[in-house]
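Here's the structure, in structure tokens; my notes come after.
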Amino acid sequence: MAADFDLNLFPLYRVQGQETDPLPGLLAVTPPKRTARGREDETLLFYLTLSGNSHFTPAEYDRIVKQATQRFFQTPGSLTSAIRTAAGDLNQSLLNRNLHTTGKGEYVIGRLILGALHGAQFVFAQCGPTHMFQLNGSETRQVHDEQIAGRGLGIGQSTPLYFAQVDLHNNDLLVLCPNLPGGWESTLLGLKNVSIETLRRSLLSSSGEDLNAVMVLVKAGKGNLNILPGRQAAQVAPAAATVDSTSLGEVVPAGEPQPVQAANGLQTAVPARPTSQVESGRPAGRFTNLMAGGARPIPTPTNIPPQSPETDVTTTGQPIPGAAAQPVRRPATNPIVSVSHPVRRTGRFTSARATGEIPVIKRPPSRTRRKIFGGLAKAIQGTRNGTQKISRGARKFLPNLVPNAEEDADVARSSMALFAIVIPVIIVAVAVMVYIQYGRTAQYQQNYEMAVSQAAQARGLTNATDVRHAWDSTIYYLDLADKSQKTQDSTNLRQEAQTALDNLDGIMRLDFRAGIIGGLDRSVQVSHLAATDTDLYMLDAARGGVMRATMTSQGFEVDPTFKCDPGLYSSIIVGALVDLETLPMSNFYNASVVAMDSKGNLLYCGVAKPVAIALVPPQLGWRSIAAFSLNSDGNNLYVLDPAGNAVWQYTGSLGQFKDPPAMFFGEQVPQNMNSAIDLAANASDLYMLFQDGHVTSCPLTNLDVSPMHCADPATFVDRRPERQPGPKINDAIFTQMSFASAPDPSLYMLEPLTRAIYRFSPRPDSLELRGQFRASMEQTNTLFNGPATAMTIASNRYVFFSVGNQVYFASDVP
């Protein structure tokens, strides 16, 4: 459908107090010459921001943007289907990148607004807690649902999208922002009948933070999206440029602007004037907490009843043919919404366990709050009237105290100046004292009472889904209450709510402690861990060597005399080590740990000098070893060579493996073998972990039977509420796996972003989830500053995981 309007985009990009152009991540992409059915008349608005601690090069940014936009124009059918496909492709690209860099403690998370004009409507999707405001002259409406939109791209396999559409009118203003700066919400909700330049000045002055946002001016037109410099908001010109999706580097002019090459390798167009270059992928300021309390109620987008999978819904309730519905956690809610007819939502509480905090829940101000602030206004007015009377009296009285007229005049003038300074200070001080005394207490009481109400409701429910929603809502209101003040009552209620939610998810909270006395050097990158009852071994990926720390009464102390590093040992050159395993006490080399490099060289390390042994290579040699595993008795060694699409089995005894290897799979090789990242073996089965989070299990007891019957993929049995068995755990992407020492038969997997260790009971063709180990909520919020990079379980039931330059451990694990 041809569009009825043009969108003129004015970026607001301020870093360290300096405004600059262009805005990284903002693109307007025109249809290429060959598009899929339905994409011929659609110009794509693409607004992506990235955050994290991983450097994102311009070439990488160019590649993922080009790939996502191409997928959009190559996807036939409804507009929502094309948006979903493009966003899913982008999510997978960021997820794969995070999986590759998790071992270094690096990650990147994306927030996305993706949409296109459709007739007189702007149809778009939000991924991550982004915000969109529409100012139509008479009122301001906000589109934001953090629960459905999730935490962002690159976190998990699923791509949470919040679909919405807004009716456009000539001279409407839109504001898009991935992170809502302080003061913007109240500013935007209070503006009416303003120009684009007034809007820009108001937004710039209402917050001193770094800014990353886009203002949009709607004008009658033919569906063009024009990116203009933010400083020229007062001079709206229709001539601008968009980016052609066939090249993502060639400007398609619509006037006389000059193309400017941005640092991310993409071109935009601005009028001929100097512009500053900015680095691609730079985070949009800081991602702060978006759940600001105390905001005035705002109209909420209208829920549209569920339609068939082949229809979209317009703001008038008429279907748009060909749109697919977006699955969300709330079974009775269609995520395609309209903001044309705002009504109050009911029953909007949903679980935050998979996607972050629950959405902002708007409600009218209480009578108590109105009385307090009404009284505050009267007090301020009374104080002002009193000071005016005092000033007039002083002006009459002061001349009688001095002998001559000139001095009288000087005193009067100085007195008036003094009063002009002191009186406003007194008024402000009184207002602040009244607010602190009554306003914050009232806000706390209001939110705490709502939390108590939700908790009472949760205690009386029996349906697990409803119970989860009620406890989630309790936590939400407690978060708002704690912003005003924190009491023992709110702390106790929070603990009860969190315990109830943990029970639903099978989470056991452990008391973790910093393991390494003094921490590790900042250059250390722990990629693998192994532990005995008394020693902890850490593989440093930065230098490819193993470190040992011994247990003391204060924690674990690094042993500077322990040597287990790459180098020349006799005639064998050992390269950077890629994996390690502890050895049984009785072994030929009297070693406590064995490590392996990517070329199949084993390095045995312990009390004595390290010993290097080269495994007999396969006939075609090694490609690149990623991991290895010993079975429970230590007599079988399994080597994962994903680049060679193989797992090789070595049979030995007492830690010696002298014989040539046997190909484990024979002719039946699991699919996508080149994406395998880890493996673990017990007495009966071998398990392989893949980049996308699925697992393949193969029996070890029937190696002589041909063909081998592997479960590819194995089924995850997840019995938590609202979960279904399947090839993956939807809210987790695992990066490591290992068995604990006997007699524990469980298989453990590391989820790095949530710093959780999942426990599974292995079956021949499935893995049943038995629970999770996580740190307490207080430790999660204060102790850790990044994703987990490695984990291990010792035989004495100590659990270890590494974050940054520290290894944390907890004891007495059941």
crowded, with 19+ Cβ neighbours inside 10 Å and more than 22 Å from the chain's Cα centre (by Cα): is that true of Leu176 in this structure? no
When Asp540 is run through (1) farther than 30 Å from Leu568 by Cα; (2) surrounded by fewer than 22 Cβ atoms within 10 Å (Cβ to Cβ), the failure sits at (1)
Looking only at region 499-513, which residues are in contact with a Phe, Trp or Tyr (Cβ under 6 Å, 6 or more places away or on another chain) and outside any helix (DSSP H, G or I)? Met508, Leu510, Phe512
Tell me yes or no: at least one residue of region 756-772 is of a type in the set (S, T, N, Q) and modelled with pLDDT under 90. no
Kindly indicate which of Ala59, Ala82, Ala36, Ala28 is open to solvent by 10 Å² or more (accessible area, probe 1.4 Å), among the hydrophobic types (A, V, I, L, M, F, W, C) and closer than 20 Å to Asn224 by Cα. Ala36
If you check Tyr604 against the conditions, is it touching a residue at least 24 places away in the same chain (Cβ under 8 Å), more than 19 Å from Thr789 (Cβ to Cβ) and part of a strand (DSSP E or B)? yes
When residues of region 455-466 are limited to those that are within 13 Å of Ala500 (Cβ to Cβ) and in contact (Cβ under 8 Å) with a residue 40 or more places away in the chain, the one most open to solvent (accessible area, probe 1.4 Å): Ala464
Residue check, Thr49 against (1) under 20 Å from Leu173 (Cα atoms); (2) surrounded by 24 or more Cβ atoms within 10 Å (Cβ to Cβ); (3) not hydrophobic (A, V, I, L, M, F, W, C), all met but one. Which one? (1)
Selected residue (only one of Asp502, Asp479, Asp472 is touching a strand residue (DSSP E or B) at 6+ places or on another chain (Cβ under 8 Å) and either modelled with pLDDT of 90 or more or open to solvent by less than 60 Å² (accessible area, probe 1.4 Å) (or both)): Asp502
Pairs, please: C-beta under 8 Å, at least 6 apart or cross-chain, first residue farther than 19 Å from Val717 by Cβ and in region 503-514, second of a type in the set (D, E, K, R)? Arg509/Asp502; Arg509/Arg774; Leu510/Arg774
Residue count, region 99-128 (criterion: open to solvent by less than 10 Å² (accessible area, probe 1.4 Å) and not in a strand (DSSP E or B)): 2
If I go through region 189-210 residue by residue, how many of them are open to solvent by 50 Å² or more (accessible area, probe 1.4 Å), polar (S, T, N, Q) and in contact with a Pro (Cβ under 8 Å, 6 or more places away or on another chain)? 0
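Yes or no, residue by residue, for (1) surrounded by 20 or more Cβ atoms within 10 Å (Cβ to Cβ); (2) in contact with a strand residue (DSSP E or B) (Cβ under 9 Å, 6 or more places away or on another chain); (3) within 29 Å of Met777 (Cβ to Cβ):
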position	(1), (2), (3)
His709	no, yes, no
Arg719	no, yes, yes
Glu722	no, no, yes
Ile729	yes, yes, yes
Ala732	yes, yes, yes
Leu747	yes, yes, yes
Arg755	yes, yes, yes
Tyr758	yes, yes, yes
Take the residues of region 565-582 that are over 16 Å from Lys609 (Cα atoms) and not acidic (Asp, Glu): which is surrounded by the most Cβ atoms within 10 Å (Cβ to Cβ)? Leu577
Taking Leu90 as the residue in question, decide whether it is open to solvent by less than 40 Å² (accessible area, probe 1.4 Å), in contact (Cβ under 8 Å) with a residue 40 or more places away in the chain, touching a Leu at 6+ places or on another chain (Cβ under 7 Å) and assigned to a helix (DSSP H, G or I). yes
Among the residues of region 78-87, are any modelled with pLDDT under 85, assigned to a loop (DSSP other than H, G, I, E, B) and in contact with a strand residue (DSSP E or B) (Cβ under 8 Å, 6 or more places away or on another chain)? yes
Checked against (1) among the polar types (S, T, N, Q); (2) touching an Asp or Glu at 6+ places or on another chain (Cβ under 9 Å); (3) in contact (Cβ under 8 Å) with a residue 24 or more places away in the chain, Ser586 satisfies every condition except (2)
Which residue pairs have Cβ atoms closer than 7 Å, lie 6 or more positions apart in sequence or on different chains, and pair a first residue in region 132-151 that is part of a loop (DSSP other than H, G, I, E, B) with a second residue that is among the polar types (S, T, N, Q) and open to solvent by 10 Å² or more (accessible area, probe 1.4 Å)? Gly137/Asn193; Gly150/Thr355; Arg151/Thr355
Flag if Arg548 is in contact with a strand residue (DSSP E or B) (Cβ under 7 Å, 6 or more places away or on another chain), basic (Lys, Arg) and open to solvent by 40 Å² or more (accessible area, probe 1.4 Å): no
Return only the number of the condition from (1) assigned to a strand (DSSP E or B); (2) modelled with pLDDT under 95; (3) closer than 22 Å to Pro699 by Cβ that Ser592 does not satisfy. (3)
Consider Phe562 carefully, then state whether it is hydrophobic (A, V, I, L, M, F, W, C) and open to solvent by less than 60 Å² (accessible area, probe 1.4 Å). yes
Positions within region 782-813 being surrounded by 22 or more Cβ atoms within 10 Å (Cβ to Cβ) and outside any strand (DSSP E or B), in sequence order: Pro787, Ala794
Six or more apart or on different chains, Cβ atoms under 9 Å: show the pairs whose first residue is in region 471-498 and over 15 Å from Met450 (Cβ atoms) and in a helix (DSSP H, G or I) and whose second is open to solvent by less than 30 Å² (accessible area, probe 1.4 Å) and aromatic (Phe, Trp, Tyr). Glu496/Trp471; Gln498/Trp471
Exclusive hit being on the phi < 0 side of the Ramachandran plot, touching a Gly at 6+ places or on another chain (Cβ under 7 Å) and open to solvent by less than 30 Å² (accessible area, probe 1.4 Å), set Gln772, Gln779: Gln772
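The values are calculated or read from the model by the stated rules, or taken from the named source; none is laboratory data. The model shown is predicted, which means the values in this text are computed figures rather than measured ones. Heads up, the Cβs are rebuilt from the backbone with ideal geometry, glycines too, and the neighbour counts pull from every protein chain shown. Note: accessible area is taken over every heavy atom of the protein model, side chains too, but ligands, DNA and RNA are not part of it. Shrake-Rupley method; radii C 1.70, N 1.55, O 1.52, S 1.80 Å.
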